[in-house]
Amino acid sequence: LVGMRLGAVMAARAAKHRAVRQLVLWDPITDGHAYLPSVGHTAPSSRHADTDLLGAVLTHQLRADVERITPSSFGEVSSRTLVLASDPDTAVEPLAGHFRSLGVEAFTTLVPDVPVWRTEWERDGKGLAVSAANYITSWLN
C-alpha cells in the first residue's frame, strides 16, 4: 500500500485494519501545523471559517484535523514500512522512529525527485517523479 502526503496518514491507518505486508509513505505530512503555511495557507479570521487552499475548499474541520497531524497520528501499524522523501525538507526520521518504537521494521530514504504535488505534469514527462516511483517499485519487489 502506498500513500503520498496526506494520503500517507490514511494509508497507515488503513494498513492497521488490512493484511498489508508492506507500506510506503511517500513524502508524508508529519507536522500538520507547519504544513498548511508551507503550501501558502493563511489562517482565517475565524476558527470556524472555510478557506481556499490551492483552489480547493478547506473546511474548518479538515483544517483542524490537518493541523493536529504528528507522527503519532499515523497510528500503530505492523507492516514493513518505507518512509520515502523526495524533498530533502520532508522530516521522515521522526515518523520512522515512531514506527520503530512500536517494533515495526521501518526504513527511511531520500530519493531527490520532482515534488509532484507542486509541479504540473507536462506532455514531455516533466513533472513525473520517475526516480521515486522506480525506487518504490524496487523496494516493494
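The values are calculated or read from the model by the stated rules, or taken from the named source; none is laboratory data. On a predicted model such as this, the values are computed, not experimentally measured, just so you know. Heads up, the Cβs are rebuilt from the backbone with ideal geometry, glycines too, and the neighbour counts pull from every protein chain shown. The protein model used for the area step is the full one, side chains on, heavy atoms only, and it has no ligands, DNA or RNA in it. Shrake-Rupley method; radii C 1.70, N 1.55, O 1.52, S 1.80 Å.
Cβ-Cβ distance below 7 Å, separation of 6 or more or different chains: which pairs start in the range 45-70 with a residue that is farther than 21 Å from residue 12 by Cα and end on one that is open to solvent by 50 Å² or more (accessible area, probe 1.4 Å) and in a helix (DSSP H, G or I)?
These pairs meet every condition: 47/60; 48/60; 49/60; 50/60.
Restricting to the range 117-138, name every residue that is open to solvent by less than 30 Å² (accessible area, probe 1.4 Å) and either closer than 17 Å to residue 83 by Cβ or modelled with pLDDT of 85 or more (or both). Working first, answer last.
The first filter runs over the range 117-138 and keeps only residues open to solvent by less than 30 Å² (accessible area, probe 1.4 Å), leaving 125, 127, 129, 132, 136.
Within the range 117-138, 129, 132, 136 qualify.
Given the residues 58, 54, which is the only one that is modelled with pLDDT of 85 or more and either surrounded by 12 or more Cβ atoms within 10 Å (Cβ to Cβ) or closer than 26 Å to residue 87 by Cα (or both)? Lay out the reasoning, then the answer.
Values: 54 fails: modelled with pLDDT of 85 or more.
The unique qualifying residue is 58.
For residue 8, only one of the following conditions fails: (1) on the phi > 0 side of the Ramachandran plot; (2) surrounded by 14 or more Cβ atoms within 10 Å (Cβ to Cβ). What is its number?
(1)
Give me the pairs, please: first residue somewhere in the range 14-26 and within 21 Å of residue 132 (Cα to Cα) and of a type in the set (S, T, N, Q), second residue anywhere and assigned to a loop (DSSP other than H, G, I, E, B) and open to solvent by less than 40 Å² (accessible area, probe 1.4 Å), beta-carbon distance under 9 Å, and either six or more positions apart or on two chains.
Pairs found: 22/79.
Considering only the range 13-49, how many residues are surrounded by 22 or more Cβ atoms within 10 Å (Cβ to Cβ), modelled with pLDDT under 95 and either among the hydrophobic types (A, V, I, L, M, F, W, C) or not in a loop (DSSP other than H, G, I, E, B) (or both)?
Qualifying residue count, the range 13-49: 3.
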